[in-house]
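Worksheet for the structure shown next.
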Amino acid sequence: MILAVTMNPSVDISYHVESFKLDDINRVEDLRKTAGGKGLNVARVTAQMEEAVMATGVLGGTIGDYIVQELNKSNIPNDFLKIKKESRNCIAILHEGMQTEILESGPALSKEEGAAFLEKFEGLLANTSLVAVSGSLPKGLAANYYQQMLKISHKMGVRMILDSSGESLSQALLCEKKPFAIKPNTAELSQLLGMKVDAEIANLKQTLNHPLFHGIEWIIVSMGGEGAFVRHGDDDYKVTIPKIEVVNPVGSGDATVAGFAVALNRNQSVETILKTAMTTGMLNTMEAGTGYIDVNKMNEYFDFIKVEKVD
Ligand code: ATP
C-alpha cells in the first residue's frame, strides 16, 4: 500500500465571477469545492491508477469532515488524526482570465497533536510499502517534523518520497537519514540552495552534487513543459515530453509523484518509472480538476516520452 500524507489539507473553493470588484458585492456565478492539499492529489491519482492507497494527515472541524466525506465519495481509503481546530479553506476567485487567491494558513497544532500524529504515522507504516509526504507543515510543528517522520520511516524500513519546499525540506535534507526520493522543481531548488538554478543540464548536474543531496536514491527535478532532469544513484537522465494542450497545470507535480510512486511500487524499470511519472503529470495538465487524470489516456502519451541517459 502507498501512504499519502497531507499535514495541512484544505477545502479548495473556486468562485467564478464575471468581474471582480473591490469594496463592493461580488455575486458568484459558478463555484467548485474540492478536498485539496498536495498529498490528497497524490492519493487521488494513485487511486485512479488502481494502486492500493491510504490518505492520512491531520484535519479538524466541519471542514475536516467535508474532506473525509469527499474522500469517501471518491472511494479513497483515509485515516486522519482529528485535531481540535478547524481545517482551512483556500479560495481562488476566477475573474477576467485572472486568478486571485485567498489562502488561510490553517490550524496550529498542539505539541500533543504533533506527537499523536507521529504515533499514528508509525502505526500506518506497518502496512505500507512506500510513503509519499507532500506539502507544507502546519503551524505549531517544529521545522524538523519531517525529519522525525523520516527517522520513523527508516526505522520501519519504508521508503519515503518527500515533496516539500523551504525550511521543512531543508531540515529534512540535513538529516543523516535521507528521503528515498524528492521531486523539487527548479524554483524550489533555487530557494533551497539560495542560488539561481536553471533548466540547463550542466547546471543541474552540478547543483545535484551538493552534499545536501548525497544519499538520496532518486531526485526528480520537474520542469513543467520541459519534462524533467533525474538523478538515480550515479546515473543522470533527461526526460523529454511532447507538446500538449494545457487546461490547468496546478497539481501536476503531485500527479507526477503519484505516477512515480505507483511505478516504483510495481518494481518497474527506470525507464517505465520515469515515463509513468511524466505521463501522469501531463495528464493532470489536460484536465480542469486539480490532482485528477484521465487514466484511459495513459497509453496514448506514454510512448511519446523520451528518457535519455546523459553523461
Ligand atoms: P505543482 O506545484 O503545480 O504541482 P510542480 O512545479 O511541482 O507543479 P511541474 O514541474 O510544473 O511540477 O510539472 C510536473 C510534471 O507535469 C512535468 O514534469 C510534466 O510531466 C507535467 N507538466 C507540467 N506542466 C506541463 C506543461 N505545460 N506541458 C506538459 N506537461 C507538463
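The values are calculated or read from the model by the stated rules, or taken from the named source; none is laboratory data. Keep in mind that this is a model prediction, so the values were computed, not measured. Methodologically, a virtual Cβ is constructed for each residue, glycine included, from the backbone with ideal geometry; neighbour enumeration extends over all protein chains shown. Accessible surface areas use protein heavy atoms only, side chains included; no ligands, DNA or RNA. Shrake-Rupley method; radii C 1.70, N 1.55, O 1.52, S 1.80 Å.
Among what's in the range 177-232 and is at positive phi and surrounded by 15 or more Cβ atoms within 10 Å (Cβ to Cβ), pick the residue that is farthest from the chain's Cα centre (by Cα). Going through the qualifying residues, I end up with Gly227. Annotation: of all residues in the range 51-79 being without any contact (Cβ under 8 Å) to a residue 24 or more places away in the chain and open to solvent by 60 Å² or more (accessible area, probe 1.4 Å), the one that is farthest from Arg266 (Cα to Cα) is Asp65.
Applying a threshold of 6 Å to beta carbon distances and a minimum spacing of six or more residues, or different chains, the list of pairs starting in the range 133-145 at a residue that is under 17 Å from Leu174 (Cα atoms) and ending at one that is open to solvent by 30 Å² or more (accessible area, probe 1.4 Å) reads Ala143/Glu167; Ala143/Gln171; Asn144/Gln171; Tyr145/Leu137. Just to be sure I understand, how many residues within the range 225-269 are of a type in the set (Phe, Trp, Tyr) and either within 12 Å of the ligand (Cβ to nearest atom) or free of Cβ contacts under 8 Å to residues at least 12 places away in the same chain (or both)? Number of matching residues: 2.
Considering only the range 258-276, I want to know if a residue exists there that is closer than 15 Å to His232 by Cβ and modelled with pLDDT under 95. No, the conditions are met nowhere in the range 258-276.
Restricting the range 145-164 to residues that are of a type in the set (S, T, N, Q) and open to solvent by less than 50 Å² (accessible area, probe 1.4 Å), which is farthest from Val270 (Cα to Cα)?
Applying the filter and picking the extreme gives Gln147.
Taking the criterion of being farther than 17 Å from Gly224 by Cα and open to solvent by 50 Å² or more (accessible area, probe 1.4 Å), the residues of the range 285-311 that qualify are Val295, Asn296, Lys297, Asn299, Glu300, Asp303, Glu308, Lys309, Asp311. Filtering Met282, Met278 for residues that are more than 26 Å from Ala172 (Cα to Cα) and either within 11 Å of the ligand (Cβ to nearest atom) or surrounded by fewer than 13 Cβ atoms within 10 Å (Cβ to Cβ) (or both) leaves a single hit, Met282. A count restricted to the range 1-35 and to residues that are in a loop (DSSP other than H, G, I, E, B) and not aliphatic (A, V, I, L, M) stands at 11. Only one of the listed residues (Lys183, Lys177) is touching a His at 6+ places or on another chain (Cβ under 9 Å) and under 23 Å from Gly135 (Cβ atoms). That residue is Lys177. Against the conditions (1) surrounded by fewer than 17 Cβ atoms within 10 Å (Cβ to Cβ); (2) in contact with a Cys (Cβ under 7 Å, 6 or more places away or on another chain), Glu96 satisfies every one except (2).
So that you can scan it fast, the table gives a plain yes or no per residue for (1) open to solvent by less than 30 Å² (accessible area, probe 1.4 Å); (2) touching a residue at least 12 places away in the same chain (Cβ under 8 Å); (3) more than 21 Å from Leu124 (Cα to Cα); (4) in contact with a helix residue (DSSP H, G or I) (Cβ under 8 Å, 6 or more places away or on another chain):
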{"position": "Met1", "(1), (2), (3), (4)": "no, yes, no, no"}
{"position": "His16", "(1), (2), (3), (4)": "no, yes, yes, no"}
{"position": "Arg32", "(1), (2), (3), (4)": "no, yes, yes, no"}
{"position": "Val45", "(1), (2), (3), (4)": "yes, yes, no, yes"}
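Among the residues of the range 149-172, those identified as in a helix (DSSP H, G or I) and under 19 Å from the mean Cα position of the chain (by Cα) are Met149, Leu150, Ser153, Gly166, Glu167, Ser168, Leu169, Ser170, Gln171, Ala172. Lys139 satisfies every condition listed in (1) touching a Pro at 6+ places or on another chain (Cβ under 8 Å); (2) within 13 Å of the ligand (Cβ to nearest atom); (3) within 30 Å of Ile83 (Cβ to Cβ) except (2). Please specify each residue of the range 165-176 satisfying the condition of being open to solvent by 10 Å² or more (accessible area, probe 1.4 Å) and either on the phi < 0 side of the Ramachandran plot or free of Cβ contacts under 8 Å to residues at least 12 places away in the same chain (or both). Residues satisfying the conditions are Ser165, Glu167, Ser168, Ser170, Gln171, Leu174, Glu176.
Quick one: is Asn296 closer than 26 Å to Leu150 by Cβ and polar (S, T, N, Q)?
Against the criterion (closer than 26 Å to Leu150 by Cβ and polar (S, T, N, Q)), Asn296 does not qualify.
If only residues of the range 99-117 that are closer than 13 Å to Leu137 by Cβ and crowded, with 16+ Cβ neighbours inside 10 Å are counted, the one that is farthest from the chain's Cα centre (by Cα) is Glu113.
Among the residues of the range 216-231, those that are among the small types (Gly, Ala, Ser) and part of a strand (DSSP E or B) comprise Ser222, Ala228.
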